[in-house]
Each structure stands twice: as C-alpha cells, then as structure tokens.
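Here the structure is laid out as structure tokens; the discussion comes afterwards.
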Amino acid sequence: MRLEPRTDATLATTLAYPAAAFVLTLLVAAFLALIAGANPFAVLFQVLKGAAGSQFALLETLTRATPLIFTGLSIAVAFRAKLWNIGAEAQLYAGAVATVLLGTGLLPLPAPLLIPLLMLAAVLGGALLLLGPAALKIRLGVDEVVTTLLLNFVILLVVSYLLEGPLKDPMGMGWPQSKRVIADAQLPRLIQGKRLHFGFVLALASAVAVWLIMTRTTLGYAMRAVGANPQAARFSGIPVNRVLVWTALLAGGLAGLAGFSEVAGLKGNLTLDLSSNYGMSGIVVAMLAMLHPLGVVVSAVFVAGVFVGADAMSRAAGVPSYIADVMVATALLTMVTAIMLSRHRVRWR
Amino acid sequence: MTGQTGAGAEIVLRLDGITKRFGALTANDAISLTLRRGEVVALLGENGAGKTTLMNILFGHYVADEGGISVFGAPLPPGDPSAALRAGIGMVHQHFTLAEQMTVLENIILGTESLLAPRSATATARARILGLGRDFGLEVDPDATITALSVGERQRVEILKALYRDAHILILDEPTAVLTPRETEALFGTLKRLVAGGLSIIFISHKLHEVKAAAGRVVVLRGGRLAGERIAAEATEAELAELMVGSAVPVLEIEPASPGPVLLALDNVSARASRGSQRLVDASLALHAGEITGVAGVSGNGQSVLAGVIEGMVAPDAGRLVVADVPVEAWSPEIALRQGIGRIPEDRHATGMIADMSVTENVVSERYREPRFSRRGLMDWSAARRFAASLIAAYEVKCPSPDMRVRLLSGGNMQKLILGRALDGAPRIILANQPTRGLDVGAVAYVQARLLDARRRGAAILLISEDLDEVLSMADRVVVMSQGRLSRPVARGALSTAEIGAMMAGRNMGATPTGEMVHAA
C-alpha cells in the first residue's frame, strides 16, 4: 500500500472525507450506546441536548471550552514549529500558581492594574516552564517529548506540596487548596449569575492574536518555516534556535493563561483538580483543528460540547459518560485519517 | 581466480536490451549484459551513467520500458523485488541496511523466518553464519551488536545476509567507497573465494584501479548507454577512463575570462560533515571575480562538505575563510548571506525549498527581515508576492500563481526559483552545487546561461558538479576533488578528459594538493 499526494484535490473531496469521519464517529458512539443497552438515537440526542439544547447547556459548553482554547492554541503554536510540547498541563498549573501567588492579597491593586499583571505573571510562569525543555533540546538534543511529558508529574507534585504547605488556605478546613484570589483579581462573569466568564473573551482574543502572529509576523513565518523544514530554514539564514525559544515562550505562555483563566475566572482558588486534563485534551483540540488557531476555537467547542453533553446524557439515559472519551478519541482518529485521505490517494499494489 | 572470465561457463544472468525512460531522460538505453557462473563483472561509470537505474530494474524497483531479464535461463517477472530475491540475487547497498541496535545474528535472520514460528532456530543459524564466515573470509562475531562493528565488518554482515539467503548472484554497489585500503584488500580476497565457490558477482564502481584488480570483465556505461566492454587484465586505466567520461565535450560559447581580484578564499580549511563520513582536508582555493571555478569529482569525495563550508552550514574545524580580503570570524548561513554569497544547494527538496510552503514564502526565506519585506516584525505579504511574481516572470518559472505550494512544481521550475532567489541582489560570490542535476535539457541550458551571465557581471562562481562535461564546458579553471582533498587548479583545456578522469579516480592528484594557487592564464 502506498500514499501519493493528490494534486487534484477538489472542494468535494476536501469536505466529503471529514463529513464521513463525523458520521463514523456517531456510528461508533451509537454502537457503544447499543452495547450499554440504551437506544442509540436517544443517547445521541441527549448528548446534543446536553451540549447545546438550552442556554444553560450552551454556556456550560463554552465555559468548558475556555481552557481548551488556551491549551489548544498552546499546542497548535508549538506543534506548528515541530516543538513537541506534551506538557501544557504542567504549564497550565504554573500559570495558576503564579496567579495565586500574586493574586491572593500580595498585590493590593485595583482590577484594571492587577488583572493584566496577573496575566503577565501566568504567561511568564508557563513560558519559563517550557523554556527549560526547549533549551535542553537546542543545547543537548534532549527529546522534548520526554522532558515536557515528565514535567507534568513533577509540577503536579510541586503543586501538591504548595497546597499542603506554603500556599495552603488556613481557613480551608484542612483541604489541599489555596486561598481565594481577592475580588480585584477575579474576572467578571459575562452573564450575571452564570458561570461563563471573561476568560472566554480572552481566549477568543488570544486565538485571533495567535492567528495574526502566525500569518502576519516575521516570527510566525519563521516558526512555520522551521516546522515545515528545519534544514531549509537554517540554510535560508533563519535563526532556528532563536525561533524555537520564542515558540516555547509563546506556547508555554498560552498554556499558562489557561491556568490564570480557570483560577481568576471560574474556580477562584487553586486545587489539584483545577484542570480536567485540559493540557492533554489541548493536543486533541489542536490536532482536530489541524493546528489552525481559529480552528482551535471550533474544535475546542466541539470537544467541550461532547464532554458536557455526555455528562448530561449519562444522568438522563444511564449510559456511562466515558462514552465522551470514546467519541472524542474516535473523532480524532477518523478526522486525522480523513484529512490524510483528502490529501493523498491510496495505491494498492 | 580473478581474471577468470568463465568464457565457457553457464550464463546465470542475462539482461537484454533494457531501456528505461524518465520523462525526457533516457536513463538506460538498450543495455545488454551477461554474467557467467564464477566471474566478477565490474560495472563502471560516472554518477548518472545509469548504473543504479539498471540495478534497480534488476531488483524490481523499477519496471523497464523495454527489454527483459532472465536468471538461470528463466525470465524474471518485472517489478517484483521478492522474485529477484527468490531467484537468488543478493544486493549489498552502498548505504547499509542494518538494524543498528540488533546483533549480527538477528540482522542476518531478520525476515527469513515466519513471524508465527514459535522460536527462531538461532543455533543452526549461528552455525551456518560461522561456517559461511570461515569459508569466505567473512568472520564476524554473530552476537556483536551492529553499533560495535567497524564499517568493514558491517559490510561483511551485509554480504553474509545475502549468502544466508542462498544468493548465487551478488551485486555490490560501490562497495569500496566506505572502506579503508586494508579493508578493501580483504574484500577483494573474499570476492575471489566467493567466485571460486561458484558465485557470480557484479561490482559497481568508478575506481579504475579497483576495477582492474577485482574484476574479470569491465562493462562501461556512459550517459545511459553501453560505452564498451573490456577484459580487465587487457585494458589500460587510460582506456577505461576515456570510455567512462567520453572524449567529446560540448563547447559552450564562452568569451575568455577576465579574472578580477580574489573574492573568496579558503586557507587550509578542514571540516567534517555533521552526519556521514565526508570530510574536507586542508583545502585551499581562491575564487576570482568574473571567473568560474569548477570542482570535478565523483560524488561523496567531500564536495558536500566543501559546499557546506561556503554555504555557512558547516563551520570549519581548521583554517580560515577570507571574503574580499577580510578574514571572517563567525560563520553561519546568515553571515554567508550577509557577505553576499548566493547559494544554490545540492538538494533542492531537503535544503533548497520548503515544499509545503508557497512560492512566495519560499522566495523570501533568505531576506524576509529586510525592510522591503517586513517592518517592525510585520510581514508585507503583498510586497513579497510581487517579488515572487517578478521572479516567476524573470526566470520563466511555469507556475500559475505565487500562492502555489512548491511541492507541486517540477524539479526544473523549483531549480529556477532557487536560482532566482540566489541571484537576486547580484551576489558577488555564487556557489552552484549540482545546479543542473536531474533537469531536462532546456532547464540545464537555462541555468547554465544564467550562471554565465553572473560571471559576465563579475561574480566569483564555484561550480560543483558530478557532470564532468558540465564542469569542463563551463569552468575557466578546474580543481579535482578526491577523498576530501582538492587538486591544484588547472586551466580549462590544459588536461584531457581522460587525465581528469584518472584524477577523479584518485590518481595523479599531484603531490601538493594544498599547494599555492596556480592561476591559469
């Protein structure tokens, strides 16, 4: 079996394969629902209803999508330059720790000053955390997949220590949690009394900003060139190592913002379950979006919707919400295959 | 046993009128060849003469347009590599195909056993490998990991691999290219024992003295055609060299050079490729304004490193670079560009272009930070696009839009873009490394004409090419490269092609490869 690049890709084939991928994903989910003893149509309907069937459902989906947009952007930036950052989870926590360190009363500033300052701190926290693996890769050729992946565990242990020690909330009844950030450090809610917060707007703005960086700036151009062919980039005089450092700072910073947004916008404090694996899900989000910054918004909403919808469906239909994991995983596999097939022709020999 | 031509012996392999065309290029033109039991036939030719294509057809990697192959009298089905293996043909590639982390034994039996076999018969395999090693002078420890072996030992493993699969016909592709002289001697000893044991061997090479030492018959290819066939013992090296490189060199209409000052000089530069074994040893070279210096040589003799040094991709280990009388301190592609060196790289796909980016994005890659394409970190894509469109027009690139992905361009059009990018801004020094490789005749003429234009306006040009005809027709002075060393420059026409062919094969390089620059009048 051989793959040959398609030179005659039409709009029809470009759309047909992803559409087929979507249908296949639904079929797999329906099959699983059948095994679980439920009516597949009812289950899929409940997932859809739970994700977007009401104002509450929709807002919940967007709330859940917010950190995924940040981590998805982080991954999209890094992977575009072929910096294989598997540590967005750790960078998210680094951003959250920075937010809590400065936002729980250390800096008694008004919101218009404090919030940008906290964002900057969170960006720096995440960025510096990825700078180490990037420097090791550049200087010593250490595989960043290994270093960033393992840093996830290290950082979780550090956070665990901080929450049991220096950052522990004295009023927290012994729970491993930090103090709450002060009122001036909190992001406003977008709708009074609902959970959707200003972090979602920041996420959308970040997506647009990243898109502009990738397409309009010399840095974005250099990042794409380094990712597409490092040797040719070096030959052309593009400073490959410097570009990788900037990529690491940008990608780490975006993941750090996810931590800031979750603390300052939603949870108010830092706990060990601040992230429901948003770092890893960010990889799925970015891959589904084919690393396109604006596509990340769409795929983050899709992934968040599947999870939120599956939770609701689980309560209503009694089918385990694990089906959400399967749906997202299937969507990723089928979509990646579909994209490959829409660009290549398969030759059997 | 060498020299045994096996005149009366059974014919084991017959290639009959093999023709293979790639578009306009005819890589093999009606080539016929026979191989008898117990003989070594050398296949001699320059790069691009069609040796590799012929062997790829034999192995079923390509299907010939015309002609047929028979092995032991039975026709070989075309396009089926496993059929060639089953028929008893074994090949030892120039670049070894060994799993480095595995042992010798594991490498040899890899793929010979069913995946479903409960356990592999290592004991019998080990005994057989040791036996083959004793019989043919191929002793290797079966339990050593490949990483622990020298290059010569690795080659023995490759030969053992073929023998283990009961190969009766062994094809060795440039087997001595990577070997030390002593290892080469040992290999020749092995070859003698193998043919004495009834095997037949095709030995691909471009080194004349080795061909004479190891082979019984020599078949010479040139430009895809059979140039001649000689009994090795009776042919002289000069005769073989002339067959290999031909004698008629097409003459380009070139006005005599009017060389100016030295624009780039290498002073006793030594360097090593970051990957691979190629080296540049103590090389001195001066490029004059308005003059083309050609580097002739069989590929793999250090040309890539020489080019890498000038491109900025390889930093010299020793010696110094002098650009327009100023010695350079640091060296990188960025600095090379700033010094006004226009570069045409050897491999347009790997180094020259970013295949998945657009024409526009590719042509600005060397200058995207200049004010004409970006201000304060913001790209001016409309200016870049205009620049791409102007290059497309000026260099006659066939391409519908500057937004097209470079992957979809033909090799010739890609090369024209690279040429346009390199020559933009009238660089004072130009490195052209294999500028016409793989191009059709029209594109070749176009690229050569542009390089001559650059010479006319006073650029100092270094032309590295595997195509000896190209070097001899374009260059004002020629240096020959062999095993990392540069010969003294000679004026065009001062030496015959046969003499240069002999120098390329490592002969008569002169005692002073690093000697003072002799400027050709």
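The values are calculated or read from the model by the stated rules, or taken from the named source; none is laboratory data. Keep in mind that this is a model prediction, so the values were computed, not measured. Quick reminder, even Gly has a Cβ in these numbers, built from the backbone with ideal geometry, and neighbours come from all protein chains shown.
Taking the residues in the range B:360-411 that are part of a loop (DSSP other than H, G, I, E, B) and more than 14 Å from chain A (Cβ to nearest Cβ) as candidates, determine which candidate is modelled with the highest pLDDT.
B:402
Specify which of the listed residues (B:431, B:423) is among the aliphatic types (A, V, I, L, M), more than 14 Å from every other protein chain (Cβ to nearest Cβ), on the phi < 0 side of the Ramachandran plot and in contact with a helix residue (DSSP H, G or I) (Cβ under 7 Å, 6 or more places away or on another chain).
Step by step, each of B:431, B:423 is checked, and only B:423 is among the aliphatic types (A, V, I, L, M), more than 14 Å from every other protein chain (Cβ to nearest Cβ), on the phi < 0 side of the Ramachandran plot and in contact with a helix residue (DSSP H, G or I) (Cβ under 7 Å, 6 or more places away or on another chain).
Only one of A:287, A:214 is in contact (Cβ under 8 Å) with a residue 12 or more places away in the chain and within 14 Å of another protein chain (Cβ to nearest Cβ); which?
On the way: A:287 fails: within 14 Å of another protein chain (Cβ to nearest Cβ).
Checking each option against the conditions leaves just A:214.
For the range B:451-465, check the following and say yes or no: at least one residue is at pLDDT 85 or above, over 21 Å from residue B:259 (Cα atoms) and part of a helix (DSSP H, G or I).
no
Any residue at all in the range B:291-313 that is free of Cβ contacts under 8 Å to residues at least 12 places away in the same chain and in a loop (DSSP other than H, G, I, E, B)?
Looking through the range B:291-313, none of the residues is free of Cβ contacts under 8 Å to residues at least 12 places away in the same chain and in a loop (DSSP other than H, G, I, E, B).
Could you run through the range B:377-404 and say how many residues are surrounded by 16 or more Cβ atoms within 10 Å (Cβ to Cβ) and among the polar types (S, T, N, Q)?
Qualifying residue count for the region: 0.
So, in the range B:74-86, exactly how many residues are without any contact (Cβ under 8 Å) to a residue 60 or more places away in the chain and either within 18 Å of residue B:34 (Cβ to Cβ) or in a helix (DSSP H, G or I) (or both)?
8
Find all pairs meeting these conditions: Cβ atoms under 6 angstrom apart; at least six residues apart or on different chains; first residue within the range B:322-338 and closer than 12 Å to residue B:267 by Cα; second residue of a type outside the set (Val, Ile, Thr).
B:322/B:265; B:323/B:264; B:323/B:339; B:327/B:320; B:328/B:321
A quick yes/no check of all residues on (1) closer than 14 Å to residue A:307 by Cβ; (2) buried (at least 16 other Cβ atoms within 10 Å of the Cβ):
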site	(1), (2)
A:21	no, yes
A:24	no, yes
A:33	no, yes
A:44	no, yes
A:50	yes, yes
A:53	no, no
A:61	yes, yes
A:65	yes, yes
A:70	no, yes
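Given the residues B:407, B:455, which is the only one that is surrounded by fewer than 18 Cβ atoms within 10 Å (Cβ to Cβ), touching a residue at least 40 places away in the same chain (Cβ under 8 Å), more than 26 Å from residue B:372 (Cβ to Cβ) and out of contact with any Lys or Arg (no Cβ under 8 Å at 6 or more places or on another chain)?
Only one candidate passes the filter, namely B:407.
Would the range A:181-191 turn up any residue that is over 26 Å from residue A:301 (Cβ atoms), surrounded by 21 or more Cβ atoms within 10 Å (Cβ to Cβ) and modelled with pLDDT under 95?
Looking for residues that are over 26 Å from residue A:301 (Cβ atoms), surrounded by 21 or more Cβ atoms within 10 Å (Cβ to Cβ) and modelled with pLDDT under 95, one finds at least one in the range A:181-191, hence yes.
Among the listed residues B:327, B:316, which satisfies the condition of being touching a strand residue (DSSP E or B) at 6+ places or on another chain (Cβ under 8 Å) and farther than 23 Å from residue B:458 by Cβ?
Selected residue: B:316, the only one of B:327, B:316 that is touching a strand residue (DSSP E or B) at 6+ places or on another chain (Cβ under 8 Å) and farther than 23 Å from residue B:458 by Cβ.
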